[in-house]
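For reference, the structure discussed in these notes is given below.
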Amino acid sequence: MINEPIELEVIEKRISIVTGHFGSGKTEFAVNYALDLTKHMNKEIENSRYKKVALVDLDIANPYFRSREKQALLESKGIAVLSNTFGYDINLDLPAISARINGPLQDQSCRVIMDVGGDQSGARVLTQFKNQFINEEYDLFCLINANRNETASIEGATYHISAIENEVGLKITGLINNAHLLKETKIEDIIKGVKLCHELSLKFSIPVKYHCCIEKFEIPLKRYLSQNKNVNFLEKVFVMDIIMRSSWLDK
Amino acid sequence: MNEKVLMKGNEAFAEAAIRYDCKYYFGYPITPQNEIPEYMSRELSKADGVFVQAESELAAVNMAYGASAAGGRVMISSSSPGFALMQEGMSFLCSVEAPCVIINVSRGGPGIGTILPGQADYYQATRGGGNGDYHLIVLAPASIQESITLIGKAFELSDQYRNPVLILVDGMIGQMMEPVILPDYHSGKQIDKPWALTGTKGIRPPNTIKSVYLKAEELEAWNWHLLEKYRKIIDCEVSYETRNLEDAEIVFVAYGTTSRIIREAMEILEADHIRSGLIRPISLWPYPYQSFDEMSSSTKAVLVVELSQGQMIDDVKIGVNGRFPVSYVGRFGGTVISPEEVASEAKRILGVV
């Protein structure tokens, strides 16, 4: 859940695009984000600008662990899932994207989350939708896990942010701190990500939109952020459930 | 000790190889192992190594043959159909005793099959898809951390025995994320390779590496040399893990990904007061037949779990040697069996509903 859902309506753009280095948790974030938006929407459907949520799976770079795998769950919550031409159950790394994706992108009453493939090569697919974004309000998020070896340092994260921006030809508009070490995560691992994202935020003049964590870290993370003077008042803690990862992977 | 970092299997394999001083990588892209050549193409030259994208898997394995013959530390990788194309090379590498580490991030087959995980390359890995009497040393890690360790061991064994070593993982381990600790740079142990084709410099007779013998007696003598080496490997290099064999009513046998799934199945059974155990072969060749001698009289059945139609079950039957009934459960063609499916098959076999 997000701390202050009312404010969300004001600051959130209609189209949220989630990019980042592969293996950073983009899909886990996108699925959680879509589910969270639906919760708020259901409550406020009368006054809401948006009548529906669509999750667009643009991951044609990686054949495993894609958001379309959770299509049934998402659809049961009223979220439209759009991916390749063949439907969600096809697992080929074909660069085949459904033309239906243009529907939610043009539908002003639809809140859209785009889950993009990893790295600049995964983000390349976005360029075909660029014209659509330019006339639209969109957020291009870059999700960063400070515990991934390639994005653990300012230099490494800078490389990935710049590579994605150069490939897509659009500027990143928000950073998402998704620092974790799966089941071995400690609060220090998340705080490492807070610090890294703040440095990147200053360097690139991009706001940090969310600090992600699972429920057990919500209170300590909020406490840390409230005690930290560098935190922008718009930075929020986004509490996620682990949906994408099979439990046996952590046995 | 190095800090824990979160890595994807494939990139950890590549980084581990670099840290164990792999200097030559030849490859051709195939899913689900593409992150390995991609990583090597970017990182290997920074470690004074050489990356070459070959025009096919057949070219890659023969480039490896050449680099290995010249004394280099070589790794190649592919996935099932691509590794199938390398089989001629496996026979040749074994024939001339050229050290090489190969990673097969296997997927569902036969044919082009699927890019999703599979364990149906067991026969190919342990019986060989190439011609002649030869053996690859085959190691099957079950986690990314173990993969890192075994890649280091693979380079050592490969040099020590002058034999190719295959790391057999499925696409799930190649694609999953796990926190790992990487070894330091230059962790690879090196030994002299006086046999390598490094140039005589006018001070020694030329070395020769060849896989052709025109006289039957010479080829048979060479085969005896290889057989003695294989027997030594069988004596010295078996490795496996066991869990709860002392009082298990049912013993699972699985390697790699499926052994992880079984750990959750064991918890499900434990909640129902059913005691289960696990034998997890780590070396698939040489196979840990002796591990089955550790099973206790409380055991009523052995259940082999594979992402294939049942291939390793043959080795399990050799190891069990008729002492317990052996059966199989598995999914294939890219589908991964669930812990619940494994647990319910175990209950069915034990007659517990």
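Each value in this text was obtained by applying a stated rule to the coordinates, not by laboratory testing. Since we're looking at a predicted model, the values are computed, not measured. When we count neighbours, we look across all protein chains shown, and the Cβ atoms used for this are built from the backbone with ideal geometry, even at glycine.
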*So what is the relative contact order for the stretch A:5-250, in percent, with contacts set as C-alpha pairs under 8 Å and at least six apart?*
21
*GluC sites (Glu not before Pro) within the stretch B:30-105: DSSP coil, no more than 10 neighbouring Cβ in 10 Å*: B:GLU55
*asked:* Please report the projected area of the stretch B:120-227's Cα convex hull averaged over all directions, in nm².
replied: 9.8
*Using the Kirkwood radius built from alpha carbon pairs, what does the Stokes-Einstein equation give as D for the stretch B:145-293 at 25 °C and 0.890 mPa s, in µm² per second?*
128
*Which pairs in the list A:LYS195/A:LYS222; B:LYS153/B:LYS193; A:LYS186/B:LYS153; A:LYS39/A:LYS209; A:LYS216/A:LYS251; A:LYS39/A:LYS186 are over 26 Å apart, alpha-carbon to alpha-carbon?*
A:LYS186/B:LYS153; A:LYS39/A:LYS186
*For the protein assembly as shown, what does -39500 (n - 2.57) per DSSP helix run (n ≥ 4), summed and divided by total residues, give at 222 nm, in deg cm²/dmol to the nearest 500?*
-11000 deg cm²/dmol
*Using Cα centres only, tell me the gap between the stretch A:175-211 and the stretch B:171-229 in whole Å.*
45
*Per 10 Å bin from zero, what fraction in whole % of the C-alpha pairs of the stretch B:240-350 is there, up to the bin with the longest pair?*
16, 54, 29, 2
*At 7 Å along the Cα-to-beta-carbon direction for both B:ILE203 and B:ILE234, put a label point, then send me their distance in nm to one decimal.*
4.2
*Among DSSP beta bridges lying fully in chain A, give the percent that are antiparallel, nearest 5.*
5
_Label-point gap, in nm, between B:ARG42 and B:SER187 - each point 7 angstrom along Cα→Cβ_ = 2.1
*Mind listing P(r) for the protein assembly as shown? All alpha-carbon pairs, 10 Å bins, whole percents.*
3, 16, 24, 24, 18, 10, 4, 1, 0, 0
*Give the Kirkwood hydrodynamic radius (Å, one decimal) of chain B, defined as one over the mean of 1/r across all pairs of different Cα atoms.*
20.9
*First measure r as the distance between the Cβ atoms of B:ILE112 and A:SER121, then evaluate 1/(1 + (r/R0)^6) with R0 = 30 Å and state the FRET efficiency to the nearest 0.05.*
0.85
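Just want to confirm a number: the relative contact order over the stretch B:88-225, from Cα pairs under 8 angstrom separated by 6+ residues, in percent.
Reported relative contact order: 28 percent.
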*Write down the percent of antiparallel bridges among all DSSP beta bridges whose residues are both part of the protein assembly as shown, to the nearest 5.*
15
*Label-point separation (nm) for A:LYS186 and B:MET1, each offset 7 Å from Cα along Cα-to-Cβ?*
1.1
*asked:* Only Cα pairs within less than 10 Å get springs; with that Gaussian network setup on chain B, which residue of B:VAL302, B:VAL320, B:VAL169 has the largest fluctuation?
replied: B:VAL320
*Which three extents, in whole angstrom, do the alpha-carbon atoms of chain A cover along their principal axes, largest first?*
46, 42, 40
_Suppose a student asked you for the relative contact order of chain B, using Cα pairs under 8 Å spaced at least 6 residues apart; what percent would you report?_
18
